[in-house]
Amino acid sequence: MKKAYRIKKDDEFQRVFKKGKSFANRQFVVYIFKREDLTHFRIGLSVSKKIGNAVVRNRIKRCIRQTFHELNEQVAPGYDYIIIARKPAANMDFHEIKKSLMHVLKLSRVLKQGQKK
């Protein structure tokens, strides 16, 4: 994922947490913050050590990044997204993670309807 598509700095995370809206299901919490100055979306990932060891946490992050890569055309641009993985995500495969993330993004109404990949 290109640097322009990442959220890394703590103050950027805090801005999204404080000013953004949150949507959740059992596996993920997604914070969304509208940015007028962006022509693309950015994502930040948070996977706690409580979820598992480094191998498990990195696998979850790879799956989330791949999901956003595949949904690139469907995800609304101009937003910052922070995805927080919850414990049940550790036992899911890629397709389950993708389905769960799509569910949360549809709840937040940032996923364009009518397009399937």
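Across the stretch 58-73, the qualifying residues are those that are over 19 Å from Ala4 (Cβ atoms) and in contact (Cβ under 8 Å) with a residue 12 or more places away in the chain, and the one among them that is surrounded by the most Cβ atoms within 10 Å (Cβ to Cβ) is Ile60.
Residue-level check: of (1) touching a helix residue (DSSP H, G or I) at 6+ places or on another chain (Cβ under 8 Å); (2) closer than 20 Å to Ser108 by Cα, Pro77 misses just (1). Within the stretch 5-22, the set of residues being within 16 Å of Lys34 (Cα to Cα) and loosely packed, with under 11 Cβ neighbours inside 10 Å comprises Asp11, Gln14, Lys18. Annotation: Ile32 fulfils all but one of (1) touching a residue at least 24 places away in the same chain (Cβ under 8 Å); (2) on the phi > 0 side of the Ramachandran plot; (3) not hydroxyl-bearing (Ser, Thr, Tyr); the unmet one is (2). Answer yes if at least one residue in the stretch 76-85 is of a type in the set (Ser, Thr, Tyr), farther than 22 Å from Arg26 by Cβ and in contact (Cβ under 8 Å) with a residue 40 or more places away in the chain, and no otherwise. Yes.
For the stretch 32-49, the condition of being under 19 Å from Lys8 (Cβ atoms), hydrophobic (A, V, I, L, M, F, W, C), modelled with pLDDT of 95 or more and over 14 Å from the mean Cα position of the chain (by Cα) holds for none of the residues. Remark: Phe17 falls outside the filter, which requires a residue to be modelled with pLDDT under 95, closer than 17 Å to Val104 by Cβ and in a strand (DSSP E or B). All conditions in (1) surrounded by fewer than 20 Cβ atoms within 10 Å (Cβ to Cβ); (2) among the acidic types (Asp, Glu); (3) in contact (Cβ under 8 Å) with a residue 40 or more places away in the chain hold for Asp93, with the sole exception of (3).
The values are calculated or read from the model by the stated rules, or taken from the named source; none is laboratory data. If you're wondering where the values come from, they're calculated on a predicted model, not measured in any experiment. Quick reminder, even Gly has a Cβ in these numbers, built from the backbone with ideal geometry, and neighbours come from all protein chains shown.
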